[in-house]
Every structure is written in C-alpha cells, then in structure tokens.
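Notes for the one structure printed next.
The values are calculated or read from the model by the stated rules, or taken from the named source; none is laboratory data. Note that the structure is a prediction, hence the values are computed from the model and not measured. All Cβ positions, even for glycine, are placed from backbone atoms using ideal geometry, and neighbour counts span all protein chains on display. Accessible surface is based on the protein model in full, side chains and every heavy atom, while ligands, DNA and RNA are left aside. Shrake-Rupley method; radii C 1.70, N 1.55, O 1.52, S 1.80 Å.
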Amino acid sequence: MSIWIIFKLLGSLALLMFGMKAMSEALQKMAGPQLRHVLGAMTTNRFTGMLTGTLVTASVQSSTATTVMTVSFVNAGLLTLAQAISVIMGANIGTTLTAWIMSAGMSFNIGNLAFPAFFIGIILIYQKKYRYIGDFLFGLAFLIFSLATLRVTGTEMRLGENPAVLDFFASFSYNPAVDSILKLYGTTFLFLLLGGILTFCVQSSAAVMAITMILCSSGALPIYQGIALVMGENIGTTVTSNLAALSANTQARRAALAHMFFNVFGVIWILFIFRPFIDMVCGWVGYDVTMTKDSTSSNAFMANAAKLTFVLAGFHTTFNVVNTMILIWFIPQIERFVCWVIKPKKVDEEEDFRLHFITAGFMKTPELSVLEAQKEISSFSERMQRMFGMVVELLNLSSSATAKEAKAQAGDFNKLYTRIEKYESISDNMELEIAKYLDSVSDAHLSDDTKAKIRAMLREISELESIGDACYNMARTINRKYNAKQDHFTERQYDHIHQMMGLTDQSLTEMNRLMVGRKETFDVNRTFNIEHEINNYRNQLKAQNIVDINNHEYTYAVGTIYMDLINECEKLGDYVVNVVEARMGVRQHG
C-alpha cells in the first residue's frame, strides 16, 4: 500500500472531523439562545425531554453540545437531573443521523456538491449578516469532500483483494460448526474494546465510524466485527465526557456517568441477542449475511458489501432507539444510582474557592461558554451578599455591652474577621478566573450580541470585586476600633449604621434578583430609588455627625470611624448600581 494512500486516508479523516466541528459550531452560533429556550421549555416529562434531545442533537450534529447545555440547566436549577437524563438519551438517538449522512456519502458520488458549497460559503462569510450560514456551508463542504475522498481512497486501497488483510480478519470469524461460543464472545469483546480505545484516542466517534465503514464496504471486515467496533465507539465517546467532567461539579459528573451507564447497559443486553439482532437489521437493508467471496462473483460480492454502510447506520439507530425505549421507564432508578455513586464533596461551599459552573472540559462554543459565565457571575454576586451579611454580624459582635461579654466573644469575632478576609481573597480570585475565561472565549469568532455580553460581564465582575473590597474595608474599620478598645458607638449611632446597612442589603438583594432572573421582568427603578435613599441618608448623617461632635456626644475619633462605615456603605451602593446597569445594558451611572 502506498504511503500517499495512507496520508490521503488520514487527511480525509482530519477533514471529516474539522467539517463536523465547523458545521456544529456554526449551527450553534445561529441558534444558540433559541436552542437553550427549546431545551428549557420542552422538557416537561421524560418523553418530551427525550424528543427534545433528539431534535436538538440532530440539528447541531453534536451530542456533546446538547449534553453541555443540559448540564448547565441542571446547575441553574431549570432542569432536574432526571429530566437531563431523558435529554441525554434523546441526544444518543439524534447523533445517529451522522452515521446516515456518512453512509450516503460513501455509497454515492456526492463529491462535486462540495465545490458549489465552498464557493457560496466564502461569499457569505465575507457578508457580516450571513457569515454563520457561510461557516455552516464551509463545514458541510469539507464534510462532503472528505466523504467523497474517503470513498475513493477506500476503493484505491483494495482491502477486499488483499490476502493478508482478508486472512487477518478471517482469523476472527466465527463458524458455529467448528468454533465454541467462547470464540464468538471473545472476538466481539476484542473489537468492542478496540472501538472504544480508538474513539478515546482520536476523540471522534465519527472518524472511527468512517474507518469502520471503509473496512466493511471494501469486503475486508465482516459485519459482526464491524458492529462490535460501533458498539465500542458508543462507550469510547462516553469515557471522553466522563474524563472532561472530572473537574466539573457534582451534577455534571452525575450526568456524564448517566450517559456512560446508558451506553454500557445497551451493549450488555445486545450481546445476548448479538447475531439475531444484526441479522434482523441486515434483512431490513437487504444485505445477504450468507454471501462469501468464494460463493459468488466478485461484482456481486462487492455490490452486497457496499450495503454495509447502511447496515452500520441502521444498527446504530435501531440500537439507540430500542435502548432508549427500555431505559426511559427506569430514569428515576438511574438517577438514584448515579447519585449513590457520585456523592457531593464534603466541603463548605462558601469557604471553597472553586468555579462551580465554568469548567475547561465543557467549553465547546462561545454561546454555551457565555451561559456558563453568567451562572458563575450570579454565584459570585450571591457570595458578595453573604460577605456583607458577615460584616453586619461582625459589627454586632463588636458592640458587646460589658467587658465580660466582649472577652467571651473575642474568639468568635476573630474567627469571623478571618473568614471575611478569606472571602476578600476569594472575590479577587473569582474576578481573575472569570475574566481569564471570558478572555479565552473572546478569542473565538463571536456575534456582536455575544461581544456586548462579554463586555458587560467583564464590567460586572470588576464591580462585584469592588463590593468585596468595600465589605473588607468595613470589616477592617470595625476590627481597628475593636482592637483599639475605643469608646463604643452611641445607641443612636448603632441605629443609624444598622439602618444604612439595611438599605445596602436591600440594594444587594435587588441586584441578586436581577442576576438570577430575566432582565425583561426586572424594575431597574427600584435599585435607583434605593441608591438615592442611601445617598440622602449619608448626607443627612454626615451633617448630623459634625453637630454631634461639636456637642461632645462622642469623640472625633469615634465620629471618624462611624462615618467611614457610612461612606463605605454608600460606595457599595454605587458599585451595586454599576452591576445592575451593566447587566441591564443601560448607560453608566454618573
């Protein structure tokens, strides 16, 4: 076999993988938000969830993308894990459309269709309005061209006429009259393992399916071993997603494990009816399983072998449909099983700095990445309100009326202050990590709408980090006063500080309502009204503070610390308004 034929084969497989990736990404860019809305709206029960997963995956040609969107919805609380499992089952059916496209491409000469697609695609790419359609056509053209090249390369390799290749695969064939049943299962397990390893290594089940189709349609690989390779591909692709999910949160790992359980269970039951099931699919397609190279003419044998691409596609679809029909009734049990296997990590989520929604292994397209980042920013926002709550608690601990109470609470005070310090460090890290992630997303080919979202999110995380700084500044001020053993605030000062902190907490609550909800239903004027109230109250207390110091109601030093806390609350209110404006897309607060 010529070295150039091998390179032609490898290059065609590379083109196939690139074409599939380009098509999938272009489709997701064109319909990203709509797909998310469809997933959220159509998963009311296990059957609609399965149907939704099938349709979405068939549309975007990527079961991984559907799985990622589904997991992100589980994280956001929009879907239960049980609903997510039904969508993933549907995604397994939807992804079988790829095999039908490939079998058609290898059975008919469609290579010439690639060139008009290339020509129209390049014109559309340079037109801003239609560039995603151009990207899709380019991906489709690469896919068609690669399939046509693979078809020609498979013929040039003449594997069906190579004695060494034929003898190699013949050594694995099973003859019921001579061989024991162990050989049948041993051979099946060997090819199943080979299919899984190949898929894991090349990270593309489509590429391994293409190799299987070339080997089978050339007459070199018997259909039973070819089907075993396809079954191995089904498991191999779930190993990849489980490894990617290792760095993800608990629900993502459970969804990935459910996907693997689904495919492994299917392979187990199909092994019990392996040959009868394949013979049934062959009968549907019109492939004669009894025909051998020696029993008929070469042309008749090759014409029969050419049908094997459709047998592989037919088996892939039938297997996944039947497997889904069996397991869809046991979704609650599957959910309990994956929850039992993967238990949540026993860590204090508040104290644990880890991005919960953003995971490198799941970053597939900019549209999905933006969704993940939005969830992470919502988590960041909620964490900052918890931090402010700790500052209020710290103030209460510092106001012990007697020396005995102060001594008893000193340990609690220091522990809480250390916790606030840790939160300040967490807020710095979260800002840097989310910004780094958004920066990597912005390197991709983005729509104007997505670019605007990323700019807004970068501003949001900067302002949220400033909220963390303001909380920490208040905690330091309280700590300085506490350790200096200065006079306590008067009862009236405490009332004023608590009233100001109450207004500030209201503004944080409004901000978080926006971050976890839909901005179309959010009344931004409520945030502006609270901010005006904070500003007016700060000005009132500032004027009153000067009068009270002049009247010797408390010392100048106590008055300074008192106004530091009031001013920091007012600054925090400004940062909240900036976050709200960034999310709402209104003009910057002045």
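So the values come out like this:
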item: Per-pair calculated FRET efficiency, R0 = 41 Å: Lys519 and Arg419 via Cβ, rounded to 0.05; result: 0.80
item: Most to least accessible of Ile331, Ile273 (protein chains only, probe 1.4 Å); result: Ile273, Ile331
item: In sequence order, calculated HN-Hα J values of region 557-571 (Karplus, 6.51, -1.76, 1.60; Hz; x Gly/Pro); result: 4, 5, x, 5, 5, 4, 6, 4, 5, 5, 5, 5, 5, 5, 5
item: Non-local Lys pairs in region 451-590, i.e. 8 or more apart or on different chains, that have alpha carbons under 23 Å apart; result: 5
item: Accessible-area value, Tyr185, 1.4 Å probe, nucleic acids and ligands omitted, Å²; result: 80
item: Label point distance in nm, Ala484-Phe108, each placed 7 Å from Cα along Cα→Cβ; result: 8.5
item: Region 536-590: projected area of the alpha-carbon convex hull, averaged over directions, in nm²; result: 4.1
item: Virtual spin-label span in nm between Ile546 and Arg455, 7 Å along Cα→Cβ; result: 4.2
item: Heavy atoms of Cys201 accessible to a 1.4 Å probe, total area in Å² rounded to 10; result: 90
item: Nearest-10 value in Å² for the accessible area of Asp412, using the 1.4 Å probe; result: 90
item: Backbone HN-Hα couplings from phi across region 416-431 [Karplus 6.51/-1.76/1.60, Hz, Gly and Pro as x]; result: 5, 5, 5, 5, 5, 4, 5, 4, 5, 5, 4, 5, 4, 5, 5, 4
item: Modelled FRET efficiency - R0 51 Å, Phe47 with Asn429, Cβ distances, 0.05 increments; result: 0.75
item: Solvent-accessible ranking of Arg46, Arg254, Arg538, largest area first, probe 1.4 Å; result: Arg46, Arg538, Arg254
item: Gain upon complete extension [Leu10, Lys436; 0.36 nm per residue less C-alpha separation]; result: 149.9 nm
item: Accessible area in the full protein assembly, largest first, 1.4 Å probe, for Phe272, Phe115; result: Phe272, Phe115
item: For region 448-590, radius of gyration divided by Kirkwood radius, i.e. Rg to Rh on alpha-carbons; result: 1.06
item: Global geometry of region 410-492, whether rounded, prolate or oblate, following the gyration tensor of its Cα atoms and the 1.5 cut on a/c; result: prolate
item: Calculated FRET efficiency for the pair Ala410/Ala303, C-beta based, R₀ 51 Å, to 0.05; result: 0.05
item: Amide H contacts of Ala220 (H built 1.01 Å from N, under 5 Å, at least 5 apart or other chain); result: Gly160
